[in-house]
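Input: a single structure, listed below in structure tokens.
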Amino acid sequence: MKQVDSRPMQMTRRQLLLGGGVLAGSLSLGASLTGCGGAAQAAGNDIRFWHLLSGGDGIKMMAMIDKANADHPDFRIKPTVLAWGTPYYTKLAMASAGGRPPEVAVMHAARVPGYAPGGLLDAWDLDLLAEFGVRPEDFGSRIWEKSQFNGQVFSLALDSHPFVMLYNTEVADKAGVLGSDGRLADISSPSQFLEVSRELQRVTGKHGLSYGYLGDGAQMWRLFYTLYRQHGADFILEPGRPAQVDRDVAIDCLEFITSLLDNTISTKSGDGGTAIAEFASQGSGLLFTGVWELPTMKTAGVPFGASTIPTLFGTPAAFADSHSFVLPHQATLDESRRRGVYQFVASMLKNSLSWAEAGHIPAYQPVVNSPEYAALKPQADYAHAADIINYDPVAWFTGSGSDFQGYFAENVQNVFLGRDKAADGWDAFMKRINTVLAMPNPV
Amino acid sequence: MSTARTTAPAKTSAPAAKSAPAATSPRSRRDNIHGWAFSAPFLVFFLLFLVWPMISGAIMSLTGKSLTGANSGIIGLANYAEAFADADMWRSLGNTLYFTLISTVPLVVIALALAALVNMGLPAQWLWRLSFFSPFLLASTVVSLFFAWMYNPELGLFNDLLAKVGIPPVAWLNDPAVAMWAVVIATVWWTIGFNFLLYLAALQNIPQQHYEAASLDGAGGWRQFFSISLPQLGPTTVMIVILQILASLKVFDQIYQMTEGGPGGATRSIVQYIFEAGFTGYRLGYSAAISYIFFGLILLIALAQVFATRKRSA
């Protein structure tokens, strides 16, 4: 004991170094362990906001956030941008499950059923929302319906972004398929669509239609689901039961899409980037794409118009999803911050005209009904798409960037490439989906 | 016999260590404390980030835990039973072994050939060394992007070159029969520099006198390579093969970025399957069970290698 007591008095250089080394080690350990929390710790009026919008969308979103910050000095939105798809959704789920998620985040509306039942999201308080001037009747019916889960509102849509068709007005004019109003003449049957596409191909000398899908389950699914829903067929997924689908309709759709990919109407082996490049360089007359590609084509200087994908099978329908605001569940809720979130979201909805410039259809109807929006071309030409949009079938594993679209790609790409029969591809897809439906629901 | 001989000295040294008076002296004890203190930061990290996750993973594999935080409690070996009956798991495992096989062979053989070429005394050696090694410094994302563009069926460099010699276009990353080879080509280009460097260092360590003596005896270049270089490179080859097999078994990045496991799951590796089960399928327990099955497989391969090399050296 005595020896121990006397030690500090006679500290050698070596002991000092040793002590310092241990101290430094434990400090760095401590710092690295708390590093996450330290960096994520927000100041009093900071609101952390995660979103998945990059490129042109990201720039627009940043400008909208800056405006909201300028308009509302009582809070400050601090955005974090993550790559969309799996990286974003896994991080959001983990942050929420870990109890330290951002105060507000953007999600695709169709992904909410994978998050809400697990308690990862908090429901929106409609009374508080009304305080900031946002009411249910400000949203289109399909969008509002989608915002709910089990009777509560879990997501507030900023937009809907359907899968649409762009057409090159110059090429269409030369091919004689423009109407008297300068817009593409109505197409109402599969054979007519093939005919128009071939006419356009004769003008470009390359392809009539650009549709990129290789390696991209989302692209394959968007077109398929648009055409499937045009048949008026249902697609119902209930855990514990096999999928309820119309097999004949599905096979018909797959065969129709394959007939487009004949290397004349459209290339058999195109990916998303190739299709965009082809349409931008006037190598085709039509492009199947999401509305978010509008700014790209404007920048490219292509003379183009936009419309929904023609109703070829009787029922107007378009695949779509919505960028929606959600409230990740907070382990300890800060009331004043949450009020700030409501104010911020209300401000974003009311200023969504600038979001429409990126091609998306605003969800907030006062903006859609404004004369400024009516003057926005070609956006206003497909604004009615919001009435015919179809979100992914509801299940915990569906939605934009989900495994569901991956399963579709796994089984359908070979059909599109002409290597598998449509029936075989479809049956294999269904087998996979039914396996997932039979598993215990993890959310 | 040989094992008896190797254990004998250990037996005699053990009591010697025990009886050493220094072991209990205050100075030695102080040194011990210092030793532990200096090792402490590492030990803490080791226990916290390696040992504990392994234990916690093993426990998790016996539960129905979900990424969303829901925990359905201990379910015994149900996850393992499900995994063994899961065709996709076996397929991913098969893909991983296939990748390991078709990547390890060129990564060893070509690395040796490149090292031998450079060691021949070509002019501008630094340029060769740099060219062969530098791809290894690139991030997997960069390599994947490069190759994804070069493999593009419409605009890519490879199909353009094929077209020039009259070969029809290949759907590099979209043909199930070709996709894995496409990934292997990218991987070989990217990672061969490391093996090349190991071989080059080993080649340069072979005493020059051996070659001089051989050439006096009239041995030509090939004869010298097969009779001197190759046997001398034995230990290096064993090490490279082991390292390469372990690295190839863990493949994930470049496949995920180039094909996302497609087309139709033809390139999905077991690590990707573990990732998908846990992070996009939310089933952490199931994911942990598959990783332990994979761990068991790696352990078997490692043991087989230890056994094989011990036999050789005995």
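Accessible surface buried at the A:B interface totals approximately 3000 Å², computed with a 1.4 Å probe on protein heavy atoms. Of the residues in the range B:276-303, those shielded by at least 10 Å² of accessible area once partner protein chains are present, compared with the chain alone at a 1.4 Å probe, are B:PHE279, B:THR280, B:GLY281, B:TYR282, B:ARG283.
When you work out D = kT/(6 pi eta Rh) for the range A:269-408 at 10 °C and 1.306 mPa s, using the Kirkwood radius from C-alpha pairs as Rh and the Stokes-Einstein form, the result is 90 µm²/s.
Past 26 Å, Cα to Cα, is the threshold; run A:LYS206/A:LYS431; A:LYS421/B:LYS250; A:LYS431/B:LYS250; A:LYS60/A:LYS91; A:LYS60/A:LYS298; A:LYS91/B:LYS65 against it and keep the listed order.
Numbers: A:LYS206/A:LYS431 38 Å; A:LYS421/B:LYS250 35 Å; A:LYS431/B:LYS250 29 Å; A:LYS60/A:LYS91 23 Å; A:LYS60/A:LYS298 15 Å; A:LYS91/B:LYS65 17 Å.
Beyond 26 Å: A:LYS206/A:LYS431; A:LYS421/B:LYS250; A:LYS431/B:LYS250.
By a 1.4 Å probe calculation restricted to protein chains, A:ARG142 has an accessible surface near 90 Å², given to the nearest 10. Summarising the amide proton neighbourhood of A:LEU184: residues at separation of 5 or more, or on other chains, whose placed amide H is nearer than 5 Å comprise A:GLY179.
Given a 1.4 Å probe and every protein chain left where it sits, what share in percent of the accessible area of the protein assembly as shown is carbon and sulfur?
Working: 22020 of 35320 Å².
Carbon plus sulfur share of accessible area: 62 percent.
All other residues whose Cβ lies under 14 angstrom from that of A:LYS146 are scored, Lys and Arg at +1 and Asp and Glu at -1, for a net of -3. Centroid-to-centroid, using Cα positions, the range B:137-152 and the range B:168-225 are 22 Å apart. Would you mind getting me the FRET efficiency between B:SER131 and B:ALA177? Use the beta-carbon distance for r and R0 = 30 Å, nearest 0.05. Between B:SER131 and B:ALA177 the formula returns 0.45.
Spin-label pair A:ASP181-B:TRP36: with each label point 7 Å from Cα along the Cα-Cβ axis, the two points sit 8.5 nm from one another. Within the protein assembly as shown, the percentage of alpha carbon pairs spaced more than 54 angstrom apart rounds to 23%.
Work through the residues other than B:PRO153 whose Cβ is under 11 Å from its Cβ and net out their charges, Lys, Arg +1 and Asp, Glu -1. Intermediate values should be presented prior to the final figure.
On the way: positive: A:LYS268; negative: A:ASP271, B:GLU154, B:ASP160, B:ASP175.
Value of the local net charge: -3.
Just from its helices, what would the mean residue ellipticity at 222 nm be for chain B, if runs of 4 or more DSSP H residues each count -39500 (n - 2.57) and the sum is divided by every residue, rounded to the nearest 500 deg cm²/dmol?
Numbers: 15 runs with 213 residues, N = 314.
Taking each H run of at least 4 residues, the total per residue is -22000 deg cm²/dmol.
Convex hull volume per residue, computed on the Cα atoms of chain A, equals 206 Å³. Beta bridges from DSSP with both residues in the protein assembly as shown: antiparallel share about 70 percent, rounded to the nearest 5. Model label points for B:LEU303 and B:LEU230, set 7 angstrom from Cα along the Cα-to-Cβ axis, are 3.3 nm apart. In this label model, A:ALA70 and B:TRP222 are separated by 7.7 nm, measuring between points 7 Å along each Cα→Cβ vector. Between the C-alpha center of the range A:324-338 and that of the range B:257-314 there is a gap of 39 Å.
In the context of the full set of protein chains, residues of the protein assembly as shown present 47 Å² of accessible surface per residue (probe radius 1.4 Å, heavy atoms only). Would you please give the FRET efficiency between A:GLN244 and B:ASN205, computed as 1/(1 + (r/R0)^6) with r the Cβ-Cβ distance and R0 = 60 Å, to the nearest 0.05? Result of the calculation: an efficiency of 0.30.
The alpha carbon centroids of the range A:222-267 and the range A:351-425 are separated by 15 Å. Going from the chain on its own to the full set of protein chains, the range B:252-267 has these residues losing 40 Å² or more of accessible surface (heavy atoms, 1.4 Å probe, no ligands, DNA or RNA): B:GLY264. Under 15 Å from the Cβ of A:ASN434, count the other residues' Cβ atoms, weight Lys and Arg +1, Asp and Glu -1, and hand me the total. That works out to -2. Applying Stokes-Einstein at 37 °C and 0.692 mPa s to the Kirkwood radius of chain B, computed over alpha-carbon pairs, gives a translational diffusion coefficient of 137 µm² s⁻¹.
For the range A:381-429, heavy-atom accessible area (probe 1.4 Å) falls by no less than 50 Å² from the chain alone to the full protein assembly at A:ASP403, A:GLU410, A:ARG419.
The values are calculated or read from the model by the stated rules, or taken from the named source; none is laboratory data. Computed from a predicted structure; not experimentally measured. Glycine gets a Cβ as well: all are built from the backbone with ideal geometry, and neighbour counts include every protein chain shown. Calculation scope for accessible area: heavy atoms of the full protein, side chains included, ligands and nucleic acids excluded. Shrake-Rupley method; radii C 1.70, N 1.55, O 1.52, S 1.80 Å.
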